[in-house]
Structures are given as C-alpha cells and as structure tokens.
1. Scan the range 359-387 and report the pairs whose first residue is without any contact (Cβ under 8 Å) to a residue 60 or more places away in the chain and exposed (fewer than 14 other Cβ atoms within 10 Å of the Cβ) and whose second residue is part of a helix (DSSP H, G or I) and small (Gly, Ala, Ser), with Cβ atoms within less than 6 Å and a gap of 6+ or a chain change.
2. Within the range 2-85, considering only strands (runs of 3 or more DSSP E) that don't extend past its boundaries, which have at least 2 residues that are at pLDDT 90 or above?
3. Restricting to the range 1-47, and then to whatever is hydroxyl-bearing (Ser, Thr, Tyr) and under 29 Å from the mean Cα position of the chain (by Cα), can you tell me which residue is farthest from Gly265 (Cα to Cα)?
4. What's the total number of residues in the range 581-614 that are in contact with a His (Cβ under 8 Å, 6 or more places away or on another chain) and assigned to a strand (DSSP E or B)?
5. Only one of (1) free of Cβ contacts under 8 Å to residues at least 60 places away in the same chain; (2) closer than 30 Å to Arg350 by Cα fails for Asn521. Which number is that?
6. Which condition number in (1) surrounded by fewer than 19 Cβ atoms within 10 Å (Cβ to Cβ); (2) at pLDDT 90 or above is the one that Glu244 fails?
7. Please pick out the residue among Arg376, Arg350 that is out of contact with any strand residue (DSSP E or B) (no Cβ under 8 Å at 6 or more places or on another chain) and of a type in the set (D, E, K, R).
8. Can you pull out the residues in the range 312-351 that are over 19 Å from Ala41 (Cα atoms) and modelled with pLDDT of 90 or more?
Amino acid sequence: MRILLKQSFLLGRYHANPWRAFAFDDPHGEWPPSPWRLLRAILARSFQFSRERENASDDDLRQKLVRAFCESKISFHLPAQSWRGPGLQQYQPAEFKASNPLPRKFVVWNIDEKFRNILQTFHFTVPKVASFLTCYDEGDKSVVELFNANMERIAVEETIPEIKKGINDQIREKLGTRKLKDFWLPRKQKLAQQQKDTELAVIGGKRFKHYFPDAKTYNTTKNKDNFWLVSQENDALFWIFDSENWAKDLLAHLDECLARMTYFGRAESITTIERLENDAVGMNANCELKDKRTSISVPVLCPSANATLEQIACQTHDDVVANSTTPPGAAWKYAERPVRANSVAKPPPRKILPPTQIVQFAIGGRVFPSHKYWIRITEKFRGIVLRQLAQQLTGKRDAKFAELPPETRAKFSLLTGKGPADTALAGHQHAAFFLIPDLQGKPSRLICLRNASFTDEEQAALLAAAEAPLAWDFGSDDWKLRLVPLPAETPLPPDRNIFGESAVWETLTPFVPPLHVFGRNGKPKNGCEIEAQIKNILSDCKLPTASVTVLSPSDSPAQWVKVHRPQRSRNEQTNDDKRAFRIRLQFEKSVKGPIFLGHSCHFGLGLFVPVSTA
C-alpha cells in the first residue's frame with residue numbers, strides 16, 4: 001500500500017538541523033527532512049488529539065502508527081526549486097550579566113522631624129522608618145512635581161527659620177525659576193558651594209553615582225539562522241510510504257494528527273501537511289534512503305525497524321538521549337539530493353501587441369555604411385531577432401535559435417524563411433528586412449515586412465533586438481547604428497514610398513541577379529541575361545510582365561555589393577561580393593508595391609520604388 005503525504009511551507013523556508021547539530025553552527029541544515037522528526041511530530045499531535053477528546057486512550061493506535069511507520073519504505077519527491085538559503089541575522093540572548101550602563105545620578109535628602117512635618121502639610125506622606133529621601137534624575141514624577149511646585153514656599157517660609165537661615169536673595173531668586181533637578185544638581189560650581197555653606201545641606205545637596213541592579217540583564221549576540229528555501233504550492237514536498245500495515249483506522253488517526261500540525265522543525269517553519277487520498281498526481285520519488293554513504297549523500301535520521309513507542313516519544317533532555325550520538329530506536333541512512341533545476345526567470349508582464357504586417361525603426365549613428373555593406377546590417381539584425389526569440393522561449397541568456405527543437409523552429413518559419421527540414425521556403429512568403437535611404441543616400445529607416453502578420457512573440461523579439469547597437473564594420477565602436485522603434489503607420493517620404501502604386505518602378509537598392517550573367521569568357525551567358533532573369537522572377541512572384549531596362553553606366557554605373565550567404569551554402573567556392581545593377585521596370589498598367597527581386601531580396605537588395613510618369 002502506498003501512502004502519499006503532501007507538505008508545503010507557507011513562508012517558503014524550512015528551518016531545521018540534523019540531530020545534535022547546533023542551529024547557529026550548522027550552515028547546511030536538514031534536507032531532506034528526517035523521518036525521525038516527522039514521526040515525533042505526528043506523535044505529538046496524537047497526544048494533543050487525545051487530550052482534546054478527554055479520557056480517550058489512543059495508545060494502541062500510536063503503537064500501530066509507530067510500527068507502520070518504522071516498517072515502511074520511505075522515499076521523497078523533493079521540490080525542484082529548493083536550495084540552501086542565505087540565512088537570517090538575528091539577535092539572540094546570551095549570558096546574564098551587567099550590561100555596563102551609564103551610572104544614574106541621584107540626591108539623598110536627610111529627613112528630620114521638622115522636614116517630615118513640612119512634607120505632610122503638602123499631603124506627601126513619608127514612612128516613619130524612612131530617614132532619607134532619594135531623588136533620581138529619572139525618578140518618580142509625582143515627587144518631582146511636588147518639589148517643583150512647593151520648594152520655593154518651603155525655602156522662604158517664615159515659620160521655618162532653620163531653612164530660611166543662610167539663604168540670601170540670590171539663591172531665593174534662583175529657587176523660583178529652576179527645576180528640581182537643577183536645584184540638587186546645580187550647573188554652576190559657585191551655586192553648589194553656596195549650598196554646602198548653608199543650612200540647605202541639611203535637606204539636600206549630596207550627589208552619588210551607582211550601578212543599579214536592574215541594569216543587569218541578558219547580553220545579546222548576533223547569530224545566523226540558516227534554512228532551506230522551498231517552493232510552495234506549485235512544487236511541494238512529497239513523502240512516499242510503502243507498507244502493508246496502514247489500516248483504515250490508522251489512516252483516519254494519521255489524518256487527525258496531520259491536520260493539527262502547524263510547524264515542522266523550528267517554530268518559524270510554518271507548514272501544512274495532508275494525506276492524498278489517491279496518487280492521482282503520479283508522483284515518483286527523486287530522493288531515496290540508502291544504507292551506504294557516498295561522496296555526495298547526506299545523513300538522514302530514521303526510526304529503526306524495531307523501534308518502540310517509548311523510544312520514539314522520549315524526552316530529548318533524558319541522559320540516555322542527550323548523551324548519545326544516535327538516539328535509541330533510530331538509525332542513520334543516507335540520501336542524495338537531486339540536482340537543482342535551473343530556474344527560469346519569468347518575463348515581466350507586458351501588453352499584448354496587436355498583429356501587424358510592418359514594423360519600422362529609425363536609424364541613427366555617426367558613421368553610416370555605403371550600399372556595399374548594407375546587407376551586414378539586416379543580416380545582423382535578423383540574427384539578433386532570432387537569438388532574442390530563443391531567449392524568450394527558453395528563459396536562458398545563452399540560448400540559440402538553431403539549438404531549439406525542430407518542431408519549435410518550424411513555428412517561426414515565416415520569420416526565418418526555413419521550413420521544418422531547414423529547407424528554404426518558396427513563394428517569398430517569409431519576412432523581409434529593408435533599409436530605406438534618405439536623400440543623401442544614407443540608411444534612415446529599417447523596415448520589417450511580411451504578408452502574414454507578425455505575432456506577439458515575434459514583435460517582442462524585434463523590439464528587444466532593436467535595443468542592441470548594430471556594428472556594420474569590425475574594430476570600431478563608433479561605427480555602430482542604433483534603432484528606434486516607430487509606429488507601424490508612420491508614412492515614408494513620397495519619393496521613398498515602396499508601398500506606392502505606379503506603372504514605372506526603379507531600383508532603390510541595387511539589384512543582384514540570382515545567376516551569373518557573364519561566363520568565364522566575359523560574354524553574357526545564353527538565357528542568363530538580366531532581362532530574362534527578371535522576367536522569370538516576376539513570373540514566380542505572380543507579377544505581370546514588364547519591359548526591363550538596365551540603366552546605362554552614365555545614368556547609374558554598376559557596382560559591387562555584399563550579399564547574404566546562407567549557412568548551407570557557405571562551403572561553396574564562391575564569395576559574397578556580387579555585381580549589382582540599376583533596373584527600370586515598365587508595366588502595362590499600375591502595380592502596387594512593394595516589389596523586391598533578385599539575390600538577397602529579403603535582406604534589402606533589389607528593392608524598387610515607384611517613379612512618377614508625369
């Protein structure tokens with residue numbers, strides 16, 4: 001029969017130490033919890049349950065409980081997210097002795113019969129046996145208020161010549177304005193000397209210092225309270241018992257005991273523990289108790305198979321228990337803690353981004369690349385986007401998109417351009433990254449475009465990638481560009497509007513033919529002319545046919561540019577420098593953009609812009 005107990009620590013901390021380990025000297029703590037501690041806690045609640053019912057005797061049930069517990073095979077399912085905490089610094093009481101306080105100052109007033117009669121006229125009763133009246137700096141406020149209100153009258157009363165004698169006008173004036181403590185602790189040495197020379201010395205003036213008994217107290221010392229951090233409801237601690245001795249009446253009594261358990265270990269380990277009726281969760285043990293110790297196992301105190309109720313319920317201060325390395329009825333076993341799972345940081349909450357087909361960024365920087373190196377910007381930005389997407393999916397900072405499972409990468413094929421088998425997608429349906437130049441020919445805007453809308457995860461990766469500077473050359477921190485997100489509806493300049501509509505289109509970025517135009521003899525290859533290649537590309541893109549004009553070198557000379565080389569083709573005997581051309585397309589009727597054709601057209605090359613025919 002399998003018994004499953006689920007235990008949660010409400011504060012997320014488990015405070016306990018192994019047997020005979022001092023709480024503030026043991027930094028490792030007791031993990032996993034010892035079955036010896038659990039059985040003693042259950043027995044304590046069993047005695048409580050008996051007291052609640054009055055005259056109830058559950059000794060037989062407790063005997064059976066101990067027998068079933070000791071003969072069970074015990075294992076654990078420890079929370080994946082559990083580790084030794086940093087400890088709490090707490091002040092604890094130490095030895096009882098004087099705490100070296102500052103001495104308290106006080107004045108002793110000599111009480112004779114006349115002075116006693118004077119105090120009684122002000123309704124202040126002094127015991128007959130008292131010979132002296134002691135006043136402290138922080139004494140009884142009633143005494144202080146009485147003397148403050150009536151000292152002047154006492155000092156100048158005509159019926160008391162003994163007090164009046166020797167008091168001159170200067171002292172009498174001070175008595176009316178000063179506080180009582182100023183009277184017996186004069187600030188000026190001159191006034192103190194005058195008091196000694198007068199009859200006032202009879203009723204006061206002598207000062208003392210004394211360490212009082214109430215200053216003797218417990219010293220404090222700062223100790224480190226160690227504990228284990230334990231996940232709560234989502235990943236609790238499970239106790240697994242395998243035995244045939246768990247009868248129904250015994251299980252009912254166990255449930256009553258578990259319901260009364262409020263802490264486990266030290267008192268600050270607030271806990272809840274319950275027995276699951278069935279093993280619906282399918283919990284498997286990840287920590288088992290063994291008889292032999294290994295280099296990575298920890299000792300766990302368990303009840304022995306033949307332990308008795310008297311041994312389990314013994315008092316820890318008994319000589320036979322306190323002086324033993326192993327308490328009677330217990331045995332040491334060893335457990336290997338499971339490897340702690342890597343924690344995955346939860347992404348901060350954010351607003352879900354609505355679907356959009358275009359994402360724009362403004363480009364800023366000090367040194368801008370020429371058209372030849374534009375492909376480096378779009379390539380690096382796309383790579384950062386994929387890396388950010390992998391980090392979002394896995395929660396790891398060093399995650400790479402290529403290391404994700406194939407089924408995960410296939411979900412983002414419209415972003416990568418690769419199908420489930422890492423083959424290139426057909427039909428230009430995946431995302432394209434363009435750089436739009438300004439009037440001076442410098443890149444001013446980066447546009448991410450796709451026919452299908454970008455999802456929330458893809459947009460989040462695009463925005464996160466824009467936070468990193470883009471280096472288009474090596475060895476210079478100044479040659480970096482920064483991206484600033486723009487609203488998707490931000491319009492483009494009229495002469496750079498790639499989303500316009502026209503019958504005449506010209507290249508805004510150089511066009512690179514997919515096939516080599518010239519053979520090794522320097523002459524055009526048959527069927528690979530620029531016009532023929534563009535017509536085939538227009539047919540594949542389901543665009544109408546158009547007359548193709550290669551602009552002459554005088555209008556726009558040909559140039560060499562860098563192109564994108566996929567990983568699968570980087571071992572081929574070719575380089576990434578290709579000859580590019582300026583092209584004009586003349587359609588029979590107006591065509592709506594965007595139009596991008598040729599090699600590396602999804603990385604910014606071969607982008608066309610409408611030309612006004614007016």
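1. Correct list of pairs: empty, since none qualify.
2. Those strands (runs of 3 or more DSSP E) span 2-9, 73-77.
3. Looking at residues that are hydroxyl-bearing (Ser, Thr, Tyr) and under 29 Å from the mean Cα position of the chain (by Cα), I get Ser8.
4. Qualifying residue count, the range 581-614: 1.
5. Of the numbered conditions (1) free of Cβ contacts under 8 Å to residues at least 60 places away in the same chain; (2) closer than 30 Å to Arg350 by Cα, the odd one out for Asn521 is (2).
6. With respect to (1) surrounded by fewer than 19 Cβ atoms within 10 Å (Cβ to Cβ); (2) at pLDDT 90 or above, Glu244 is out only on (2).
7. Arg350
8. Residues satisfying the conditions are Lys333, Tyr334, Ala335, Glu336, Arg337.
The values are calculated or read from the model by the stated rules, or taken from the named source; none is laboratory data. In this text the structure is predicted, and so the values were computed from the model without any measurement. Glycine also receives a Cβ, built like all others from the backbone with ideal geometry; neighbour counts cover every protein chain displayed.
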